1. On the basis of being at pLDDT 95 or above and either in a loop (DSSP other than H, G, I, E, B) or among the small types (Gly, Ala, Ser) (or both), does Arg51 make the cut?
2. What number of residues within the stretch 2-51 satisfy the criterion of being touching a residue at least 12 places away in the same chain (Cβ under 8 Å) and at positive phi?
3. When the residues of the stretch 1-21 are filtered to those that are assigned to a helix (DSSP H, G or I) and among the aliphatic types (A, V, I, L, M), which remaining residue is farthest from the chain's Cα centre (by Cα)?
4. Taking the stretch 35-51, which residues are loosely packed, with under 10 Cβ neighbours inside 10 Å and more than 13 Å from the chain's Cα centre (by Cα)?
5. State all residues of the stretch 22-45 that are charged (D, E, K, R) and in a loop (DSSP other than H, G, I, E, B); if no residue qualifies, say none.
6. Please verify whether the stretch 23-33 includes one or more residues that are exposed (fewer than 10 other Cβ atoms within 10 Å of the Cβ) and in contact with a strand residue (DSSP E or B) (Cβ under 8 Å, 6 or more places away or on another chain).
Amino acid sequence: MKDIFAPWRISYIQSTDKPSGCIFCAFPEQDRDEENLILHRGERSFVILNR
């Protein structure tokens, strides 16, 4: 497996200011699909984009 060099992510990785909990549990409960990048909701699943 190759390593992917992504220096723009280091500030996030080293940050201690991260939201608690799971985005896959919290985002669908919010009514902010466009802001949370949720593209589609199905009966048992949803499609979300990565930021």
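The values are calculated or read from the model by the stated rules, or taken from the named source; none is laboratory data. Predicted, not measured: the structure shown is a model, and the values here were computed from it. FYI the Cβ positions are ideal-geometry reconstructions off the backbone, even for glycines, and counts take in every protein chain you see.
1. No; evaluated as a whole, the condition is false for this residue.
2. Final tally of qualifying residues: 1.
3. Here the answer is Ile10.
4. Taking the stretch 35-51 and keeping what is loosely packed, with under 10 Cβ neighbours inside 10 Å, we get 35, 40, 42-45, 49-51.
Listed by number, the residues that qualify are His40, Gly42, Glu43, Arg44, Ser45.
5. Within the stretch 22-45, Asp31, Arg32, Asp33, Glu34, Glu35, Glu43, Arg44 meet the criteria.
6. yes
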